[in-house]
Amino acid sequence: MQQVLFVDCERVSASLAAAMTIRGLVARCVEPGCLVNEVAGTETAALAVLDAGKCANVLGRLQHIRRQLPDCPVVILVDPAQSELAGEAMRLGAMDYLLKPFSDDQFLTLADHVMSLSEPIADLVHVSHASRQLLLLAKKAAQTAASVLITGESGTGKERLARYIHDVSPRARGPYVAVNCAAIPHALLESTLFGHTRGAFTGATQSQPGKFELADGGTLLLDEIAELPLELQAKLLRVLQERELERVGSHERRKLDVRVIAATNRDLRQLVADGRFREDLFYRLDVLPLSWPALRERREDILPLARHFLDKHSPDQLFQFDAAAAQALVTYDWPGNVRELENVVQRALIMARGLILRAEDLQLETAVTAGVESSVAELVSGRRGAEFQYVLDTLRQFDGHRERTAKALGVTTRALRYKLAAMREHGIDVNQFLARRA
């Protein structure tokens with residue numbers, strides 16, 4: 001039996017206790033001042049519930065619970081007048097709050113949501129409070145039909161979070177379609193997204209559904225949404241507003257039932273201010289914003305993630321990190337985030353001379369300029385490397401603006417896009433380069 005600890009609560013109603021028992025949970029009231037870990041010693045603590053109205057120092061007690069049971073999610077019970085306290089408690093580590101008075105069903109629904117975040121999720125390690133909080137919000141967002149905007153640095157796992165939202169949503173049995181807006185030439189983006197009819201343009205020998213139609217009844221991920229041209233942003237806005245589209249070359253309207261998730265590693269608000277992203281589209285996408293923190297901002301996830309990648313890439317052997325390697329992993333800043341961490345673990349497995357991975361196997365000492373800058377440095381001695389460096393310097397000069405950069409380089413925007421795609425193939429993250437050099 002898992003137990004739910006009611007801290008500073010005088011009693012739990014008989015009906016709630018009975019409903020919890022049916023679910024395999026046992027309610028246990030904890031007297032003020034008791035050490036929570038001693039009370040929880042014989043059974044697993046699935047949830048701690050702290051009554052703000054019964055405790056003089058709610059935030060202090062919350063921090064005490066977090067220290068004693070760092071893996072146990074905490075829910076705060078608050079009166080309607082304690083909204084500011086609820087917000088501060090969430091900032092300090094509470095997973096959620098519940099307004100009093102509440103019904104048994106309301107409590108059990110919230111408890112299910114919070115406790116589910118402690119369950120393993122394939123490819124999504126969530127040990128830190130920031131990760132757990134984000135997944136709680138993502139799971140809530142998944143139950144709606146609203147658009148979701150996922151932001152975060154390159155390599156944080158935005159695509160995996162989008163897939164998670166689809167998998168836990170009522171649309172899970174429907175299709176999941178992902179489109180990288182930065183990887184498709186502008187000339188092909190419209191037909192790729194919205195489809196086309198036969199004869200709509202040269203080479204259109206037959207009608208073709210677009211990604212929106214393919215995702216009907218499910219979820220469509222528009223990755224790198226900031227790269228969408230302004231003229232297509234207008235059409236996307238109409239599709240999101242009207243829930244219908246017209247294929248290229250057709251005036252027939254087709255009804256759609258698609259949940260749209262957009263993802264970007266760029267600051268869309270700044271792009272709106274610069275006139276490079278439509279403000280009305282931004283607010284249409286930004287209904288439920290989610291932001292993956294950088295890995296350096298959630299260091300509790302680093303070692304669990306690294307061990308996850310060990311199991312993923314070497315499932316038949318029990319590799320371990322020694323103390324020095326673990327320390328190196330935790331203290332490194334990970335400019336490439338989770339993607340870089342996975343690459344480092346794979347490299348360490350190749351370099352290892354036994355089942356114990358050492359700090360030197362990670363080769364982090366040689367990666368102080370890891371990520372974008374190291375990738376460019378490795379190439380810069382060659383002609384192609386010099387070309388890449390020149391393109392990046394010009395791109396930085398125009399603050400990442402693709403059209404002005406292409407004009408300065410004397411190439412078309414399409415040619416520039418292909419050059420940037422070639423850089424990505426060599427491990428160069430252009431947006432990260434711009435951010436680090438700003």
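The table below gives the values:
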quantity	calculated
Looking only at region 63-81, and only at residues there that are modelled with pLDDT under 85 and open to solvent by less than 40 Å² (accessible area, probe 1.4 Å), the one that is nearest to the chain's Cα centre (by Cα)	73
Checking residue 279 against (1) surrounded by 13 or more Cβ atoms within 10 Å (Cβ to Cβ); (2) in contact (Cβ under 8 Å) with a residue 24 or more places away in the chain; (3) not β-branched (Val, Ile, Thr), the condition it does not meet	(2)
Residue 95 in contact (Cβ under 8 Å) with a residue 40 or more places away in the chain, of a type outside the set (Val, Ile, Thr) and in contact with a Phe, Trp or Tyr (Cβ under 8 Å, 6 or more places away or on another chain)	no
Condition met for residue 256 (among the hydrophobic types (A, V, I, L, M, F, W, C) and open to solvent by 30 Å² or more (accessible area, probe 1.4 Å))	no
Hits in region 50-62 - residues which are open to solvent by less than 50 Å² (accessible area, probe 1.4 Å) and not in a helix (DSSP H, G or I)	50, 51, 55
Answer from 284, 347, 339 - the residue that is touching a Gly at 6+ places or on another chain (Cβ under 7 Å) and either open to solvent by less than 30 Å² (accessible area, probe 1.4 Å) or assigned to a helix (DSSP H, G or I) (or both)	339
Within region 126-242, strands (runs of 3 or more DSSP E) holding 1 or more residues that are surrounded by fewer than 20 Cβ atoms within 10 Å (Cβ to Cβ) and among the aliphatic types (A, V, I, L, M)	176-180
Neighbours by Cβ (under 8 Å, 6+ apart or cross-chain): first from region 211-240, under 16 Å from residue 256 (Cα atoms); second hydroxyl-bearing (Ser, Thr, Tyr) and assigned to a strand (DSSP E or B)	215/176; 218/176; 219/176; 221/176
Any hit, region 381-388, residues being surrounded by 13 or more Cβ atoms within 10 Å (Cβ to Cβ), modelled with pLDDT of 70 or more and within 30 Å of the chain's Cα centre (by Cα)	yes
Complete set of residues in region 243-277 that are in contact with a Ser or Thr (Cβ under 9 Å, 6 or more places away or on another chain), at pLDDT below 90 and part of a loop (DSSP other than H, G, I, E, B)	247, 249, 250, 252
Members of region 311-336 that are part of a helix (DSSP H, G or I) and either surrounded by fewer than 16 Cβ atoms within 10 Å (Cβ to Cβ) or in contact (Cβ under 8 Å) with a residue 40 or more places away in the chain (or both)	311, 312, 313, 323, 324, 327, 330, 331
Test for residue 117: is it open to solvent by less than 10 Å² (accessible area, probe 1.4 Å), farther than 13 Å from residue 50 by Cα and modelled with pLDDT under 80	yes
Region 89-112: number of residues that are assigned to a helix (DSSP H, G or I) and open to solvent by 60 Å² or more (accessible area, probe 1.4 Å)	5
Hey, residue 108 in contact (Cβ under 8 Å) with a residue 40 or more places away in the chain and closer than 23 Å to residue 337 by Cβ or not	no
Residue 306 being buried (at least 18 other Cβ atoms within 10 Å of the Cβ), among the small types (Gly, Ala, Ser) and without any contact (Cβ under 8 Å) to a residue 40 or more places away in the chain	yes
Residue match in region 361-370 (condition: part of a helix (DSSP H, G or I), under 24 Å from the mean Cα position of the chain (by Cα), modelled with pLDDT of 85 or more and not small (Gly, Ala, Ser))	no
Odd one out for residue 217 among (1) touching a Pro at 6+ places or on another chain (Cβ under 7 Å); (2) at pLDDT 90 or above; (3) under 28 Å from residue 420 (Cα atoms)	(3)
Residue among 245, 268 that alone is buried (at least 18 other Cβ atoms within 10 Å of the Cβ) and either under 29 Å from residue 334 (Cβ atoms) or free of Cβ contacts under 8 Å to residues at least 24 places away in the same chain (or both)	268
Candidate set from region 287-300 (those that are touching a helix residue (DSSP H, G or I) at 6+ places or on another chain (Cβ under 6 Å) and assigned to a helix (DSSP H, G or I)); member that is farthest from residue 151 (Cα to Cα)	299
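The values are calculated or read from the model by the stated rules, or taken from the named source; none is laboratory data. Please read these numbers as outputs of a predicted model, since none were measured by experiment. Note: ideal-geometry Cβ built from the backbone for every residue, glycine included; neighbour counts use all protein chains shown. To get the accessible areas, we keep the full protein, side chains included, count just its heavy atoms, and leave off ligands, DNA and RNA. Shrake-Rupley method; radii C 1.70, N 1.55, O 1.52, S 1.80 Å.
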